Amino acid sequence: MRVGIVGSGKLGAPLGRLLAVAGHDVCFSDTEPSRAAAAAAAAAGGQVRDGSPIEAARFGEVVIMAVWWEAFPAVVEELGGELAGKIVIDPSNPITDRDGTATAVAVPDGLTSPQYQQHVLGPGVRLVRTFNTKYPNELLELGTAGQGGGTRADMPYWGDDDGAKKAVVPLIEDAGFTAIDGGGLSEAR
Ligand SMILES: NC(=O)c1ccc[n+]([C@@H]2O[C@H](COP(=O)([O-])OP(=O)(O)OC[C@H]3O[C@@H](n4cnc5c(N)ncnc54)[C@H](OP(=O)(O)O)[C@@H]3O)[C@@H](O)[C@H]2O)c1
(Lines give C-alpha, C1' and ligand atoms only; values in the text may rest on other atoms or scores of the structure.)
Protein backbone atom coordinates (compact mmCIF):
# COMPACT_ATOMS: atom_id res chain seq x y z
CA MET A 1 0.00 0.00 0.00
CA ARG A 2 1.19 3.59 -0.62
CA VAL A 3 1.53 5.45 2.68
CA GLY A 4 2.16 9.19 2.99
CA ILE A 5 3.63 10.45 6.26
CA VAL A 6 2.99 14.08 7.15
CA GLY A 7 5.36 14.89 10.00
CA SER A 8 8.57 12.85 10.18
CA GLY A 9 9.36 13.56 13.82
CA LYS A 10 9.68 11.28 16.82
CA LEU A 11 6.59 9.21 15.96
CA GLY A 12 6.21 9.56 12.17
CA ALA A 13 9.77 8.46 11.37
CA PRO A 14 9.77 5.10 13.21
CA LEU A 15 6.18 4.36 12.22
CA GLY A 16 7.01 4.91 8.56
CA ARG A 17 10.09 2.77 8.98
CA LEU A 18 8.08 -0.15 10.37
CA LEU A 19 5.68 0.08 7.43
CA ALA A 20 8.49 0.34 4.86
CA VAL A 21 10.27 -2.68 6.32
CA ALA A 22 6.99 -4.58 5.93
CA GLY A 23 6.97 -3.80 2.19
CA HIS A 24 4.72 -0.75 1.98
CA ASP A 25 5.69 2.22 -0.22
CA VAL A 26 6.28 5.12 2.15
CA CYS A 27 6.71 8.82 1.35
CA PHE A 28 8.03 10.86 4.30
CA SER A 29 7.45 14.61 4.55
CA ASP A 30 7.99 17.34 7.11
CA THR A 31 8.12 21.12 7.40
CA GLU A 32 11.89 20.56 7.50
CA PRO A 33 12.85 18.61 4.32
CA SER A 34 16.09 17.30 5.88
CA ARG A 35 14.02 15.60 8.61
CA ALA A 36 11.95 13.79 5.97
CA ALA A 37 15.13 12.81 4.09
CA ALA A 38 16.68 11.48 7.32
CA ALA A 39 13.54 9.44 8.07
CA ALA A 40 13.67 7.97 4.56
CA ALA A 41 17.39 7.17 4.96
CA ALA A 42 16.69 5.41 8.28
CA ALA A 43 14.05 3.30 6.55
CA ALA A 44 16.35 2.39 3.66
CA GLY A 45 15.86 -1.13 2.43
CA GLY A 46 12.14 -0.52 2.11
CA GLN A 47 10.35 1.30 -0.70
CA VAL A 48 10.87 4.83 0.56
CA ARG A 49 11.01 8.36 -0.76
CA ASP A 50 10.65 11.84 0.67
CA GLY A 51 8.80 14.91 -0.56
CA SER A 52 6.76 17.90 0.49
CA PRO A 53 3.69 17.42 2.73
CA ILE A 54 1.42 17.93 -0.28
CA GLU A 55 3.37 15.33 -2.27
CA ALA A 56 3.16 12.85 0.62
CA ALA A 57 -0.59 13.41 0.97
CA ARG A 58 -1.06 13.01 -2.79
CA PHE A 59 1.11 9.86 -2.82
CA GLY A 60 -0.62 8.03 0.02
CA GLU A 61 -3.63 5.80 -0.32
CA VAL A 62 -3.37 6.11 3.44
CA VAL A 63 -1.99 9.33 4.96
CA ILE A 64 -0.58 9.38 8.49
CA MET A 65 -0.84 12.79 10.15
CA ALA A 66 2.02 12.57 12.66
CA VAL A 67 1.91 16.21 13.75
CA TRP A 68 1.08 17.79 17.09
CA TRP A 69 -2.62 17.88 17.89
CA GLU A 70 -2.82 21.66 17.97
CA ALA A 71 -1.12 21.92 14.54
CA PHE A 72 -3.69 19.61 12.93
CA PRO A 73 -6.19 22.24 11.63
CA ALA A 74 -3.43 24.32 10.02
CA VAL A 75 -1.84 21.24 8.43
CA VAL A 76 -5.21 20.13 7.03
CA GLU A 77 -5.69 23.59 5.55
CA GLU A 78 -2.20 23.54 4.07
CA LEU A 79 -2.92 20.20 2.38
CA GLY A 80 -5.97 21.68 0.65
CA GLY A 81 -8.10 19.03 -1.02
CA GLU A 82 -5.37 16.35 -1.08
CA LEU A 83 -6.98 14.32 1.71
CA ALA A 84 -10.43 14.19 0.11
CA GLY A 85 -11.77 10.64 0.03
CA LYS A 86 -8.60 9.23 1.60
CA ILE A 87 -8.01 7.12 4.66
CA VAL A 88 -6.22 9.25 7.25
CA ILE A 89 -4.53 7.76 10.29
CA ASP A 90 -4.44 10.07 13.28
CA PRO A 91 -1.84 8.99 15.88
CA SER A 92 -2.15 12.18 17.89
CA ASN A 93 -3.01 12.70 21.53
CA PRO A 94 -4.56 15.98 22.71
CA ILE A 95 -1.40 17.16 24.39
CA THR A 96 0.78 20.20 23.88
CA ASP A 97 4.35 20.70 25.01
CA ARG A 98 4.74 24.28 23.86
CA ASP A 99 6.60 25.23 27.04
CA GLY A 100 8.51 21.95 27.23
CA THR A 101 6.00 20.37 29.63
CA ALA A 102 3.39 17.94 28.30
CA THR A 103 -0.03 19.46 29.05
CA ALA A 104 -3.47 18.12 28.14
CA VAL A 105 -5.43 20.22 25.66
CA ALA A 106 -9.18 20.67 26.16
CA VAL A 107 -10.98 19.30 23.12
CA PRO A 108 -13.75 21.68 21.99
CA ASP A 109 -17.49 20.96 22.16
CA GLY A 110 -17.32 17.85 24.36
CA LEU A 111 -15.95 15.78 21.50
CA THR A 112 -13.31 13.09 21.74
CA SER A 113 -10.04 14.13 20.16
CA PRO A 114 -10.49 12.17 16.88
CA GLN A 115 -14.14 13.29 16.63
CA TYR A 116 -12.77 16.82 16.61
CA GLN A 117 -10.14 15.85 14.00
CA GLN A 118 -12.93 14.34 11.86
CA HIS A 119 -14.85 17.60 12.19
CA VAL A 120 -11.75 19.50 11.01
CA LEU A 121 -11.19 17.09 8.11
CA GLY A 122 -14.82 17.13 6.98
CA PRO A 123 -17.07 14.19 6.18
CA GLY A 124 -15.26 13.15 2.96
CA VAL A 125 -12.11 12.02 4.81
CA ARG A 126 -12.04 8.55 6.38
CA LEU A 127 -10.37 8.90 9.76
CA VAL A 128 -8.93 6.09 11.84
CA ARG A 129 -7.27 6.79 15.19
CA THR A 130 -4.42 4.41 15.98
CA PHE A 131 -0.67 4.20 16.75
CA ASN A 132 -1.20 6.84 19.49
CA THR A 133 -0.79 4.55 22.51
CA LYS A 134 2.97 3.85 22.47
CA TYR A 135 6.01 6.03 22.89
CA PRO A 136 8.08 6.13 19.69
CA ASN A 137 10.99 4.00 20.99
CA GLU A 138 8.48 1.48 22.37
CA LEU A 139 6.62 1.46 19.06
CA LEU A 140 9.79 0.67 17.14
CA GLU A 141 10.98 -1.99 19.60
CA LEU A 142 7.62 -3.74 19.93
CA GLY A 143 6.86 -3.49 16.22
CA THR A 144 10.27 -4.84 15.24
CA ALA A 145 9.86 -7.74 17.68
CA GLY A 146 6.41 -8.53 16.30
CA GLN A 147 7.64 -8.36 12.73
CA GLY A 148 10.44 -10.75 13.66
CA GLY A 149 8.01 -13.38 14.91
CA GLY A 150 8.17 -12.43 18.60
CA THR A 151 5.24 -11.70 20.89
CA ARG A 152 2.95 -9.12 19.37
CA ALA A 153 1.75 -6.17 21.43
CA ASP A 154 -1.85 -5.00 21.08
CA MET A 155 -2.56 -1.89 19.05
CA PRO A 156 -6.08 -0.47 19.43
CA TYR A 157 -7.79 1.38 16.62
CA TRP A 158 -10.99 3.41 16.45
CA GLY A 159 -13.10 4.75 13.61
CA ASP A 160 -16.61 5.38 12.38
CA ASP A 161 -15.91 4.17 8.81
CA ASP A 162 -15.88 0.37 8.77
CA GLY A 163 -14.20 0.20 5.35
CA ALA A 164 -11.37 2.48 6.49
CA LYS A 165 -10.91 0.45 9.67
CA LYS A 166 -10.75 -2.75 7.63
CA ALA A 167 -8.09 -1.22 5.37
CA VAL A 168 -5.96 -0.07 8.32
CA VAL A 169 -5.92 -3.45 10.11
CA PRO A 170 -3.31 -4.97 7.73
CA LEU A 171 -1.08 -1.92 8.25
CA ILE A 172 -1.23 -2.40 12.03
CA GLU A 173 -0.53 -6.11 11.65
CA ASP A 174 2.31 -5.48 9.15
CA ALA A 175 3.83 -2.99 11.60
CA GLY A 176 4.18 -5.91 14.00
CA PHE A 177 1.13 -5.51 16.26
CA THR A 178 -2.16 -7.25 16.96
CA ALA A 179 -4.94 -4.92 15.86
CA ILE A 180 -7.69 -4.51 18.47
CA ASP A 181 -10.95 -2.85 17.43
CA GLY A 182 -11.71 -0.23 20.08
CA GLY A 183 -14.99 0.85 18.48
CA GLY A 184 -16.04 4.20 17.07
CA LEU A 185 -14.41 7.61 17.37
CA SER A 186 -16.66 8.40 20.34
CA GLU A 187 -14.91 5.62 22.28
CA ALA A 188 -11.37 6.55 21.31
CA ARG A 189 -8.51 7.27 23.60
N1 LIG B 1 6.24 11.41 20.94
C2 LIG B 1 5.39 10.59 21.59
O3 LIG B 1 5.70 10.05 22.68
C4 LIG B 1 4.05 10.27 21.01
C5 LIG B 1 3.37 9.10 21.39
C6 LIG B 1 2.12 8.82 20.86
C7 LIG B 1 1.55 9.73 19.96
N8 LIG B 1 2.23 10.86 19.61
C9 LIG B 1 1.59 11.82 18.72
O10 LIG B 1 2.30 11.88 17.49
C11 LIG B 1 2.18 13.18 16.95
C12 LIG B 1 3.57 13.66 16.58
O13 LIG B 1 4.35 13.70 17.78
P14 LIG B 1 5.92 13.66 17.72
O15 LIG B 1 6.39 13.37 19.09
O16 LIG B 1 6.37 12.81 16.57
O17 LIG B 1 6.22 15.21 17.39
P18 LIG B 1 7.48 15.81 16.65
O19 LIG B 1 8.70 15.00 16.95
O20 LIG B 1 7.47 17.28 16.96
O21 LIG B 1 7.12 15.58 15.12
C22 LIG B 1 6.12 16.29 14.47
C23 LIG B 1 6.71 16.71 13.15
O24 LIG B 1 5.68 17.24 12.32
C25 LIG B 1 6.23 18.36 11.67
N26 LIG B 1 5.20 19.22 11.14
C27 LIG B 1 4.55 20.23 11.77
N28 LIG B 1 3.71 20.84 10.91
C29 LIG B 1 3.83 20.20 9.72
C30 LIG B 1 3.26 20.37 8.44
N31 LIG B 1 2.39 21.37 8.22
N32 LIG B 1 3.60 19.53 7.45
C33 LIG B 1 4.52 18.57 7.68
N34 LIG B 1 5.12 18.36 8.86
C35 LIG B 1 4.77 19.16 9.87
C36 LIG B 1 7.05 19.02 12.74
O37 LIG B 1 7.91 19.96 12.21
P38 LIG B 1 8.19 21.33 13.05
O39 LIG B 1 9.05 20.93 14.19
O40 LIG B 1 8.88 22.20 12.03
O41 LIG B 1 6.87 21.88 13.48
C42 LIG B 1 7.77 17.81 13.33
O43 LIG B 1 8.92 17.44 12.60
C44 LIG B 1 1.53 14.07 18.04
O45 LIG B 1 0.19 14.30 17.69
C46 LIG B 1 1.60 13.23 19.30
O47 LIG B 1 0.48 13.42 20.14
C48 LIG B 1 3.47 11.14 20.07
- Note on the structure: Per-residue accessible area, 1.4 Å probe, largest first, puts K10, K134, K165 in the order K10, K134, K165
- Note on the structure: Residues whose built amide H sits under 5 Å from the amide H of V88, excluding neighbours closer than 5 in sequence, are V63, R126, L127, V128
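Provide the gained length on full extension for the span E55 to D181, in nm with one decimal, where the gain is 0.36 nm per separating residue minus the Cα-Cα distance.
42.3 nm
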- Message: Only Cα pairs within less than 10 Å get springs; with that Gaussian network setup on the chain, which residue of I64, I89, I54 has the largest fluctuation?
- Response: I54
- Accessible surface of T133 in the full protein assembly, 1.4 angstrom probe, to the nearest 10 Å²? 40
- Tensor-based shape of region 1-69 (alpha-carbon gyration tensor, a/c under 1.5 rounded, otherwise prolate or oblate): rounded
- Message: Springs between alpha-carbon pairs under 10 angstrom, Gaussian network model over the chain: which of A74, A40, A84 fluctuates most?
- Response: A74
- Query: Considering only protein heavy atoms, what is the solvent-accessible area of R49 at a probe of 1.4 Å, reported in Å² to the nearest 10?
  - Reply: 120
- Task: Between A175, A106, A20, find the one with the highest GNM mean-square fluctuation for the chain; connect C-alpha pairs within less than 10 Å.
- Result: A106
- In nm, give the distance between the simple-model label positions of D99 and R2, each being 7 Å from the Cα along the Cα-to-Cβ direction. 4.4
- Amide H proximity to G184 below 5 Å, modelled H, separation 5+ or other chain, gives G159
- Run the 1.4 Å probe and let me know the accessible area of D109, rounded to the nearest 10 Å². 130
- Binning at 5 Å from 0, report for the chain what percent of all alpha-carbon pair distances ends up in each bin. 1, 9, 18, 22, 22, 17, 8, 2, 0
- Item | Share antiparallel - DSSP beta bridges, the chain, percent rounded to 5 | 15
- Query: Rounded to the nearest 0.05, what FRET efficiency do E141 and V107 have when you use their Cβ-Cβ distance and R0 = 35 Å?
  - Reply: 0.70
- Note on the structure: Sorted list, accessible surface of protein heavy atoms, 1.4 Å probe, largest first, for W158, W68 is W68, W158
- Sum of -39500 (n - 2.57) over DSSP H runs of 4+, divided by residues of the chain (222 nm, nearest 500): -10500 deg cm²/dmol
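Can you sort T130, T151 by solvent-accessible area, 1.4 Å probe, largest first?
T151, T130
The values are calculated or read from the model by the stated rules, or taken from the named source; none is laboratory data. Remember, it's a predicted structure, so these values are computed and weren't measured experimentally. For neighbour counting, all protein chains shown are included, and Cβ atoms are generated from backbone atoms with ideal geometry for every residue, glycine included. The protein model used for the area step is the full one, side chains on, heavy atoms only, and it has no ligands, DNA or RNA in it. Shrake-Rupley method; radii C 1.70, N 1.55, O 1.52, S 1.80 Å.
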